[in-house]
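Peer 1: Here it is: the structure, laid out below.
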Amino acid sequence: MVSRRALYDECIALLSSAGKESADFDALCIFQDILGDKNPLFLPLEPVPEELAGRIKKLTAERADGYPLQYLLGKWEFYGLDFYVGEGVLIPRPDTETLVDQVIDLCRENKLAAPVIIDLCSGSGCIAIALEKHIPSAEVHAVEISEKALGYLRKNKELNSSGIHIHEGDVLSSVTAEALPQADIIVSNPPYLTAQDMSELEKEVTCEPALALFGGNDGLGFYRAITAVWRKHLRAGGFIAYEFGMGQHNDVRDILLSGGFNDVTFRKDGAGIIRTAAAKKAAIMTQRHVDRSAITHS
Ligand SMILES: C[S@@+](CC[C@H](N)C(=O)[O-])C[C@H]1O[C@@H](n2cnc3c(N)ncnc32)[C@H](O)[C@@H]1O
């Protein structure tokens, strides 16, 4: 039987030769997953039973071939919580934690004691469930269209003993909006890649569903539609909060300002990229020019 250390070195060599910069981390995660041991290299000479070694080698080969580590492990952490992931659902990204932070701060700063929050394009449910856990008085709804993603959403609700309300529906349709209660906050990380982005995806990302990625030719289709459809389902003085891609912040701000929102506030993610925006529902919906002075950064 091969020792843990020797097998680990073999896996690192395979991952490194495939150009995986995260070879050490990937190998460690695979070892932890298969051996069920948080510190698999603490006992480097411990022999690895053949069946387990075979499974480790298989996962390592798939990873070296460009399959997402998160799908191989079947679970991934977001905002300190575990979420089931696999083909058919977007892998929760650390950038999206910025959106959760911004919504939690909105509730605190505006003293929203028991807010109704609707998470559109909910996918795994990472945003909805993280918000529910951190704002226990909130009533949180999650809307998703994909059957496969809904399967993960339901399992993640159970995994986290969550009380969120799940709705199958198309966020682009006012029929979906009319079936939900009036909200204090609409939050969404919708698909936002452009047609050009879709033609240049890294191999790993091609494993994720196109439905979760493609936001129309210019990537902004969901922001236009959600802003227009859901504004009237927000209470007076309610908020909308979006995540978007690098460089899309000016366009999203313009969509919000011309769509009946003001007080746009941006947030940067951990890499310093402007990643999210929140805006307040304006009292009156007026067709006006975009007011660039209404922007603040936090
Ligand atoms: C970018 S992913 C975000 C998933 C999750 N909120 C997150 O942050 O990880 C977008 C999600 O929108 C869903 N979606 C795409 N079109 C939709 C539509 N018309 N109505 C509802 N959900 C939609 C996709 O299936 C996908 O789960």
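The values are calculated or read from the model by the stated rules, or taken from the named source; none is laboratory data. This is a predicted model, so every value here is computed, not measured. Quick reminder, even Gly has a Cβ in these numbers, built from the backbone with ideal geometry, and neighbours come from all protein chains shown.
Peer 1: Residues in the range 238-260: is at least one within 14 Å of the ligand (Cβ to nearest atom), of a type in the set (S, T, N, Q) and at pLDDT 95 or above?
Peer 2: Yes.
Peer 1: Does Gln102 fit the bill of being farther than 16 Å from Cys207 by Cα, at pLDDT 95 or above and surrounded by 14 or more Cβ atoms within 10 Å (Cβ to Cβ)?
Peer 2: In short, yes.
Peer 1: Separate question: Go through the range 106-122 and count every residue that is over 13 Å from Val187 (Cα atoms) and in contact (Cβ under 8 Å) with a residue 40 or more places away in the chain. Give the derivation first.
Peer 2: Restricting attention to the range 106-122, the residues satisfying the condition of being over 13 Å from Val187 (Cα atoms) are 108-114.
Now narrow it down to the ones that are in contact (Cβ under 8 Å) with a residue 40 or more places away in the chain: 110, 112.
Of the residues in that region, 2 qualify.
Peer 1: So, one more: Evaluate the range 185-201: report whether one residue or more is within 23 Å of Ala279 (Cβ to Cβ), crowded, with 20+ Cβ neighbours inside 10 Å and more than 12 Å from the ligand (Cβ to nearest atom).
Peer 2: Looking through the range 185-201, at least one residue is within 23 Å of Ala279 (Cβ to Cβ), crowded, with 20+ Cβ neighbours inside 10 Å and more than 12 Å from the ligand (Cβ to nearest atom).
Peer 1: Need pairs with beta-carbon distance below 7 Å; first residue farther than 13 Å from Phe222 by Cα and within the range 250-261, second assigned to a strand (DSSP E or B) and modelled with pLDDT under 95; sequence gap 6+ or separate chains.
Peer 2: Arg253/Ile295
Peer 1: Now for a separate question. With the structure loaded, tell me whether Pro92 is in contact (Cβ under 8 Å) with a residue 12 or more places away in the chain and either within 7 Å of the ligand (Cβ to nearest atom) or crowded, with 24+ Cβ neighbours inside 10 Å (or both) or whether it fails that test.
Peer 2: yes
Peer 1: Can you work out which of the residues in the range 105-131 that are in contact with a His (Cβ under 8 Å, 6 or more places away or on another chain) and within 15 Å of the ligand (Cβ to nearest atom) is nearest to Thr276 (Cα to Cα)?
Peer 2: Asp119
Peer 1: In addition: Within the range 77-95, work out how many residues are more than 17 Å from Leu150 (Cα to Cα) and out of contact with any strand residue (DSSP E or B) (no Cβ under 6 Å at 6 or more places or on another chain).
Peer 2: Count: 7.
Peer 1: Which of the numbered conditions does Val85 fail, given that it passes all the others? Conditions: (1) touching a Gly at 6+ places or on another chain (Cβ under 8 Å); (2) within 13 Å of the ligand (Cβ to nearest atom); (3) within 26 Å of Lys281 (Cβ to Cβ).
Peer 2: For Val85, the failing item is (3).
Peer 1: Which residues, taken from the range 132-155, are within 12 Å of the ligand (Cβ to nearest atom), crowded, with 21+ Cβ neighbours inside 10 Å and not hydrophobic (A, V, I, L, M, F, W, C)?
Peer 2: Answer for the range 132-155, where residues must be within 12 Å of the ligand (Cβ to nearest atom), crowded, with 21+ Cβ neighbours inside 10 Å and not hydrophobic (A, V, I, L, M, F, W, C): Glu144, Tyr152.
Peer 1: Filter the strands (runs of 3 or more DSSP E) completely within the range 134-214 down to those with at least 3 residues that are of a type in the set (A, V, I, L, M), in contact with a helix residue (DSSP H, G or I) (Cβ under 7 Å, 6 or more places away or on another chain) and under 26 Å from Phe239 (Cα atoms).
Peer 2: In the range 134-214, the matching strands (runs of 3 or more DSSP E) lie at 139-144, 183-188.
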